[in-house]
1. Per residue, how big is the convex hull of segment 40-162 when only Cα atoms are used? Give it in Å³.
2. Sorted from largest to smallest, which semi-axis lengths in Å does the alpha carbon gyration tensor of segment 133-177 give for its equivalent ellipsoid, taking the root of 5 times each eigenvalue?
3. In whole Å, what three semi-axes, largest first, describe the equivalent ellipsoid of segment 32-237 built from its Cα gyration tensor (square root of 5 times each eigenvalue)?
4. Could you pull out the trypsin sites (Lys or Arg not before Pro) across segment 262-330 that fall in loop regions by DSSP (anything but H, G, I, E, B) with no more than 16 other Cβ atoms inside 10 Å?
5. Given 4 °C and 1.567 mPa s, how large is the Stokes-Einstein diffusion coefficient of segment 254-366 in µm²/s, with Rh as the Kirkwood radius over Cα pairs?
6. Using C-alpha positions alone, give me the convex hull volume of segment 1-76 per residue in cubic angstrom.
7. Considering the Cα positions of the chain, please state its Rg to one decimal place and its Dmax as a whole number of Å.
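Each reported figure results from applying straightforward, stated rules to the coordinates on display, with no laboratory input. The structure displayed is predicted, hence computed values, not measured ones. Because the Cβ atoms are built from the backbone with ideal geometry, glycine has one as well, and the counts that use them run over all protein chains shown.
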Amino acid sequence: MPDTSPPVRRSLFLHAPIRRRPRVVLEQMLALVDDDTPPDGPEGPVAVLERRLADLLGKETALFFPSGTMAQQSALRVHADRLGRRTFAAHPQSHLDVWEEQGYNAVHSLRMRRTGDPHELMTAADLEAIGEPLATVVWELPQRDIGGLLPEWDDLCEQVALVRATGAAAHLDGARLWEAQTYYQRPFDEIAALFDTVYLSLYKSLQGVRGAVLASDTATMKVAQVWRQRLGGGIRDAWPLALAALVHLDTLADQMPAYREHAIAIATAINADGTARAYPDPPQTPLFHIHLPADRRAVEQAGQAILTEHGIQLWGRVRSASEPGRCAFEVSVGENAMEFSPDEVVALLHDLLARATSAAYVPSRP
Ligand SMILES: Cc1ncc(COP(=O)(O)O)c(C=O)c1O
């Protein structure tokens with residue numbers, strides 16, 4: 001199907017700059033190589049990226065994967081096979097369960113034990129209540145689909161210690177580890193040290209093109225490498241993806257605190273205005289949710305009109321809420337969202353809600 005969506009000129013959602021052109025990305029990548037840079041091997045861009053991220057995370061080995069979906073399936077499979085246990089625990093709104101078509105089950109016959117309240121963070125008490133042997137517990141930091149919440153550091157340490165005492169592995173879905181780090185304000189390797197395996201994304205705040213890295217001890221990564229091959233991810237010539245990720249690696253950590261501050265400023269303005277509600281209040285990371293007193297489909301239609309008229313993308317997806325007539329969407333503050341002042345976001349929400357609650361947009365229920 002041809003893509004007929006209106007062009008996005010500004011966005012509160014996308015990580016990579018809207019006006020990013022393939023040519024600009026290629027030029028940035030070109031600046032990282034010289035005539036002697038090999039495509040593969042120990043001096044190639046993939047190996048360089050893997051070593052740098054292993055160092056950052058304080059792990060023996062990091063391996064490139066084409067996607068986080070594949071990296072996490074491999075980690076879960078390795079832990080399950082090593083321990084001879086088929087069940088892992090994760091939050092009910094884990095990306096693994098909600099957005100990946102339950103690949104852990106369809107491909108690996110693993111079972112997910114949904115743990116904790118769907119709208120709150122997993123707690124130590126939730127983990128203690130499990131009562132069956134687990135291969136792995138997955139922590140998604142921040143927990144994206146409940147507004148980017150993060151457990152307090154001591155609480156997280158207590159949870160991990162509890163799990164480790166049962167012999168289960170601790171796995172970090174660190175797709176947004178850079179975002180989480182702005183809250184914990186601890187070195188990346190201190191955060192990663194809590195976990196046996198750590199996944200991080202190359203294309204979210206790092207603004208690469210696609211791809212992921214999985215990091216752990218060398219023995220674990222040897223087996224993960226076999227699964228990467230079996231799942232079709234042992235691709236040669238992944239150097240363009242590695243180079244695109246390397247472009248921002250040195251500068252990202254300095255920018256993230258400003259993104260978090262701006263998220264807090266936008267959320268504070270929204271909550272002071274009171275028409276919509278930003279959650280959590282204040283945001284813990286550059287990612288937060290905006291809750292709206294309007295029907296999801298009406299809001300989607302209104303947002304589409306704003307995109308068509310002004311080129312402004314407010315979200316990637318609008319979620320319905322259990323309370324009828326309400327919905328929410330995720331804001332991710334990065335380079336794009338820095339262009340919006342808090343007052344402008346409030347004005348956009350007024351416009352959105354005025355449209356969504358006008359007779360023209362209120363949809364008839366099926
Ligand atoms: C929290 C989280 N985990 C895992 C993934 C999967 O990453 P990928 O798109 O690289 O498969 C995503 C992607 O959005 C994510 O947000």
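1. On the way: hull volume 16.1 nm³, N = 123.
It comes to 131 Å³ per residue, whole-number rounded.
2. Details: eigenvalues 78, 29, 12 Å².
Semi-axis lengths for segment 133-177 are 20, 12, 8 Å.
3. 28, 19, 15
4. R317
5. Calculated translational D: 91 µm²/s.
6. Roughly 195 Å³ of hull volume per residue.
7. 21.0, 64
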